[in-house]
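Here the structure comes first, spelled out in structure tokens, and everything after it is commentary.
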Amino acid sequence: MTAPRHPDVLPAPAVRYVWYAVLFVLGALVGTAGSLVQAAWLPAGLFLALLASAGLFYGAVRATGTQLGVAAAGGGWLVAVVLLSLGRPEGDGLFGGGLGEMVYLLGGMALAVMCATMNRLPRPTP
């Protein structure tokens, strides 16, 4: 029988890989929702979209305890935002090229970098 894990101990590597996949999908969802909200309710929508992105990135580092968690969430966010900004051959695009879109793109990337370069969480002794 194994001893129960202390709640402050980082998850096992296999569990962490599942977290990375979940965080990638969450990043894509937050990036998609933020892309829609930031243009619809400017400037409150932009603030809300960046706040949701910051919450996702900070939650990723807290959930996994590694910088790879932020990279997974940021990768999903970036893939969704880039794909939505490309547009279609017919000329339809989600981003119009205004200041709000640029603040969302650059601000989201800056938030991901800030969360990825935070001090590592201290590892508790088991």
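The values are calculated or read from the model by the stated rules, or taken from the named source; none is laboratory data. None of the values given here were measured: they were computed from a predicted structure. Because the Cβ atoms are built from the backbone with ideal geometry, glycine has one as well, and the counts that use them run over all protein chains shown.
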(request) From (1) within 14 Å of Gly108 (Cβ to Cβ); (2) of a type outside the set (Val, Ile, Thr); (3) surrounded by fewer than 19 Cβ atoms within 10 Å (Cβ to Cβ), pick out the condition that doesn't hold for Gly27. (result) (3)
(request) Could you tell me whether Gly69 is under 11 Å from the mean Cα position of the chain (by Cα) and assigned to a helix (DSSP H, G or I)? (result) yes
(message) Looking at region 19-30, I want the residues that are in contact (Cβ under 8 Å) with a residue 12 or more places away in the chain and have a partner that is buried (at least 20 other Cβ atoms within 10 Å of the Cβ) and hydroxyl-bearing (Ser, Thr, Tyr) with Cβ atoms under 8 Å, at least 6 apart or on another chain. Which pairs are those?
(response) Trp19/Thr64; Tyr20/Thr64; Leu23/Thr64; Val30/Ser53
(message) Filter region 47-86 down to the residues that are surrounded by 19 or more Cβ atoms within 10 Å (Cβ to Cβ), of a type outside the set (A, V, I, L, M, F, W, C) and at pLDDT 95 or above and list them by number.
(response) Ser53, Gly74, Gly76
